[in-house]
Amino acid sequence: MGFNESALSFEKVTFSYGNSPVLSDVNFSVPGGEFLVIIGPNGGGKTTLLKLALGLLAPDKGKISIFGKNPGEDPTTAGYVPQDAGLSRDFPITALEVVLQGRIGGAGGGWRYGKKDREAAYDALESMGMAHAANRTMGLLSQGQRQRVLIARSIASAPRLLMLDEPLASIDAESRDSLMAWLAGLKGKMTVVMVSHDMSVISGHATAVACVNRRVFYHGSAEILPEMVETAYGSCPVELIAHGIPHRVLAVHDHEHGEEAHIHD
Ligand code: ADP
């Protein structure tokens, strides 16, 4: 698979919900094959950025491309795992039916799923260790299992770009570890863009980091510099430190912005 082209690019993108500006003058390009982790404060515009990339929202100004196409032009290009894995809790729909939703657009334009779609959906469930639960309703599954089904849905059309919005936020440690191992296995096969507050993900897996706080600061390396965190979070991120920033990802730049100033304990 050639990774020479740009997987996702934003050029001079500005977006507001009504009169509230959320993102302004956003410029960055994600090379194919990247494992990009997006960090930033709550309300900074991370989810909005993903929705723009998917074509669920349209920019006020600027241009967004996914593998050279407009967002949403080919729904099979990008897979999306939304933030709230609890979404389908009370909805009487089976895991397989959820995953089949990921075949819309890849199903030849019709509303009826064919044998190929069912096979692809089963395969996606199987790759997430959930084939045994294909016919169970979502409400009977644990949060971690529901999330695995949503991930299966996102990959059911074999996308070239996978976007995940805080997939580690609400799952237990065991599910988290197996999810990270699975994501790590995607390297070299898919471009991954993932919103996460979990700094260990950055040190362990990311090849690039973007800080989103109305503006986007793209860093083509997985090293977190103190000023990146400051720019992204506005102040010293005690909350992040509580989640455990591995010290080795905090590079010391100079005395003023030294490591000591940012590590509280
Ligand atoms: P993040 O994902 O970084 O927490 P979001 O992209 O969800 O940030 O939100 C960015 C800003 O846009 C926030 O101030 C949020 O309140 C606002 N916002 C998000 N969705 C909507 C919406 N549908 N309508 C109006 N404002 C919204």
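The values are calculated or read from the model by the stated rules, or taken from the named source; none is laboratory data. Please read these numbers as outputs of a predicted model, since none were measured by experiment. In this analysis, Cβ positions are derived from the backbone assuming ideal geometry, glycine residues included, and neighbour counts consider all displayed protein chains. Heavy atoms of the whole protein, side chains included, go into the accessibility calculation; ligands, DNA and RNA do not. Shrake-Rupley method; radii C 1.70, N 1.55, O 1.52, S 1.80 Å.
Any of Lys46/Lys187; Lys61/Lys187; Lys116/Lys187; Lys63/Lys187 with alpha carbons more than 30 Å apart? Name them for me.
Numbers: Lys46/Lys187 22 Å; Lys61/Lys187 32 Å; Lys116/Lys187 26 Å; Lys63/Lys187 27 Å.
Violating the 30 Å limit, Cα to Cα: Lys61/Lys187.
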Q: Please turn the phi angles of region 60-72 into ³J(HN,Hα) values with the Karplus equation 6.51 cos²θ - 1.76 cosθ + 1.60 (θ = phi - 60°), one per residue in order, whole Hz, x for glycine and proline.
A: 6, 9, x, 9, 10, 10, 10, 6, x, 10, 6, x, x
Q: Grab the beta carbon distance between Phe91 and Ser170, set R0 = 22 Å, and tell me the FRET efficiency rounded to 0.05.
A: 0.80
**Q.** Potential lengthening between Phe217 and Ser178 on full extension [0.36 nm per residue; Cα-Cα distance subtracted]
**A.** 11.1 nm
Q: Extending each Cα 7 Å along its Cβ direction at Leu140 and Glu11, get the distance between those two points in nm, one decimal.
A: 5.1 nm
Q | Karplus (6.51, -1.76, 1.60) ³J(HN,Hα), θ = phi - 60°, over region 13-29, in Hz, Gly and Pro reported as x | A | 8, 10, 8, 10, 8, x, 9, 9, x, 10, 10, 10, 6, 8, 9, 6, 9
Q. Per the 1.4 Å probe, what fraction of the accessible area of region 14-54, in percent, lies on carbon and sulfur atoms?
A. 48 percent
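Multiply the residue separation of Arg112 and Asn19 by 0.36 nm, subtract the distance between their alpha-carbon atoms, and state the gained length in nm to one decimal. Write down the numbers at each step before the final one.
On the way: separation 93, 0.36 × 93 = 33.48 nm, distance 4.08 nm.
Length gained, Arg112 through Asn19: 29.4 nm.
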Q: Between beta-carbons, use under 12 Å as the cut-off and find the net charge around Lys61, counting Lys and Arg +1, Asp and Glu -1.
A: -1
(Q) With the crude spin-label approximation of a point 7 Å out along Cα→Cβ, what separation in nm comes out for Gln101 versus Glu73? (A) 2.7 nm
